[in-house]
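S.K.: I'd like to ask some things about the structure below.
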Amino acid sequence: MISLLSKIGGRTIDSVWRIGSIMRFFMLVLANSGTSFSRFGLVRREIFFSGVMSLIIILVSGLFIGMVLGLQGFETLQKYGAEETMGVLVALSLLREMGPVVTALLFASRAGSAITAEIGLMKATEQLKAMDMMAVNPIARVVAPRLWAGIISMPLLAALFSAMGIFGGYLIAVLMVGIDSGVFWSNMEAAVSFRYDVLNGFVKSVVFGVAVSVIATFEGYDCTPTAEGVSAATTRTVVSSALTVLLLDLILTAFMLRGL
Amino acid sequence: MDRKTIDLWVGIFVLLGLLALGLLAFKVGNLGGEREAKLYRVEARFDNIGGLKLKAPVKSAGVLVGRVKGIHFDNIKFQAVVDLELYERYEFPKDSSASILTSGLLGEVYIGLEPGGDDKKLVTGDRIKLAQSAVVLERLIGQFMLGKASEAPAASSVTK
């Protein structure tokens, strides 16, 4: 009984420590972000590897998810004779939830894991230490550009995902089900508000971008510098990014729906 | 991968992303779709506003002429006070009437403006005097049932 209690206590203290170190790491990276902007080429390179290289998976899954939403929505809306509002259903679920969340999950597994593995391997092969020896700050040179690239890429990827999904829903609605394309768009325009749907979705995607990038870079920088350490850190990146994104989504949605 | 290719692809990516954002904002979110600079504000009092919500459309002859700006409760007269913002290019006679309507059985609730015959026009601060409350479906069904119940014995006595 006592040992169980102390186990729980130990776990709690460890996780609070971890959250604390992640926040301190985030602050440290922010404080060392100057180089990323004075030498923007560094960030641009990372945008290429985490943003551009994720384009295909984001666009294709956006299209598929939009089409699935269209098909499933039609199935249910048809019962109420409201299949004309299919555009509203597809657009709102993509803009508010699916776009930011699914993009963040895909981004964490496509780009986040790569960032962790890269930084982790740099640490394992003592490249980071070598940089430090040459008076090059590894946080400013290696970590900060990757963090900022993630923060910049995520909202753009989420917007592309949503746009692609709406296009997929359009394909199903107009070509397969036979809803009039004018009705599809006008219903959507009437129901979707810029402030409450598009802007809130954008805010979500920025927050998720920060969360995923911070976790990915932290896990890489913090990993045990061995082969197993890097592999464990990569796994942790994907798992804790997914959990963090979903938890943050719950909190943000609760605030946004109450109109804050 | 050399520097030029990376720059080109990042450029394409950022442009595509911004384009998607713009598409979502303007085409889907209808930003700037109905930006009306000039508005005037009138109020109407209803006994019951039913399911009327903020930003609900105000329509006359089916055309959007304004939006509901505010809804509050008058604690002296026990009525709902609804602020309407109407577009300045549409003018209505002072004795116009407002009623709360629903488009379809499950559709959105909106305010219908029926123009009157007065020469004077509505201006900011005016009150629409003729205001018809929302039809509450439960009450309507209740009345219908009550009517049926009271006429049922009479009908049966006729057949005898």
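Bear in mind that the values in this text are calculations on the coordinates, not laboratory data. All values reported here derive from a predicted model rather than from experimental measurement. Every residue, glycine as well, gets a Cβ built from its backbone with ideal geometry; the counts of neighbours run over all protein chains shown.
S.K.: Which chymotrypsin sites (Phe, Trp or Tyr not before Pro) in segment B:59-141 pass both tests, a DSSP loop state and at most 13 other beta-carbon atoms within 10 Å?
M.R.: The qualifying sites are B:78.
S.K.: Find the centroid of the Cα atoms in segment A:189-260 and in segment A:22-51, then give the distance between the two in whole Å.
M.R.: 17 Å
S.K.: How much net charge surrounds residue A:255 when only the other residues with a Cβ under 12 Å from the Cβ of residue A:255 are counted, with Lys and Arg +1 and Asp and Glu -1?
M.R.: +1
S.K.: Could you work out which residue, out of A:197, A:14, A:222, moves most in a Gaussian network model of chain A, that is, has the largest mean-square fluctuation with Cα springs under 10 Å?
M.R.: Top of the fluctuation ranking is A:14.
S.K.: List the lysines whose Cα lies under 16 Å from the Cα of residue B:55, skipping any in the same chain that are fewer than 8 positions away.
M.R.: Once the sequence-local lysines are set aside, what remains near residue B:55 is B:69.
S.K.: Taking a threshold of 29 Å on the Cα-Cα distance, which of the pairs A:79/A:204; A:123/A:204; A:79/B:148; B:59/B:129 fall above it?
M.R.: A:79/A:204; A:123/A:204; A:79/B:148
S.K.: What are the equivalent ellipsoid semi-axes of segment A:131-209, built from the alpha-carbon gyration tensor (square roots of five times its eigenvalues), in whole angstrom, biggest first?
M.R.: Working through the eigenvalues yields semi-axes of 42, 14, 6 Å.
S.K.: Shifting gears a bit: May I ask which residue of A:80, A:122, A:135 lies farthest towards the positive end of the charge dipole of segment A:73-135, with charges of +1 (Lys, Arg) and -1 (Asp, Glu) on Cβ and the Cα centre as origin?
M.R.: Value: A:135.
S.K.: Would you mind calculating the gained length between residue A:17 and residue A:250 on full extension (0.36 nm times residue separation, minus the Cα-Cα distance), in nm to one decimal?
M.R.: Here the segment from residue A:17 to residue A:250 would lengthen by 81.5 nm.
S.K.: Give the average over all directions of the projected area of the C-alpha convex hull of the protein assembly as shown, one decimal, in nm².
M.R.: So the mean shadow area of the Cα hull is 35.3 nm².
S.K.: Which of B:49, A:13, A:119 comes first, and how do the rest follow, when ranked by fewest Cβ neighbours within 10 Å?
M.R.: Fewest-to-most ranking of B:49, A:13, A:119: A:13, B:49, A:119.
S.K.: Let me ask something additional. Between exposed trypsin sites (Lys or Arg not before Pro) in chain A, where DSSP calls loop and at most 16 other Cβ atoms lie within 10 Å, what's the longest gap?
M.R.: Here the longest segment lacking exposed loop sites spans A:40-257.
S.K.: Under 13 Å from a point 7 Å along the Cα-to-Cβ line of residue A:7: which residues of segment A:229-247 have their amide N that close?
M.R.: Taking a point 7 Å out along Cα→Cβ of residue A:7, no residue of segment A:229-247 has its backbone N under 13 Å.
S.K.: Now, a different point. Would you mind giving the three semi-axes, in whole Å and largest first, of the ellipsoid equivalent to chain B according to its Cα gyration tensor?
M.R.: 48, 26, 14
S.K.: Further question on the same structure: Can you give the FRET efficiency to the nearest 0.05 for residue B:26 and residue B:64, using r as the Cβ-Cβ distance and R₀ = 25 Å?
M.R.: For R0 = 25 Å, the calculated efficiency reads 0.85.
S.K.: Given springs between every Cα pair under 10 Å in a Gaussian network model of chain B, which of B:79, B:143, B:132 has the largest fluctuation?
M.R.: Residue with maximal mean-square fluctuation among B:79, B:143, B:132: B:143.
S.K.: Let me ask something additional. Checking the cross-link filter: which aspartates and glutamates have an alpha carbon closer than 12 Å to that of residue B:121, excluding same-chain neighbours under 8 positions apart?
M.R.: B:88, B:91, B:95
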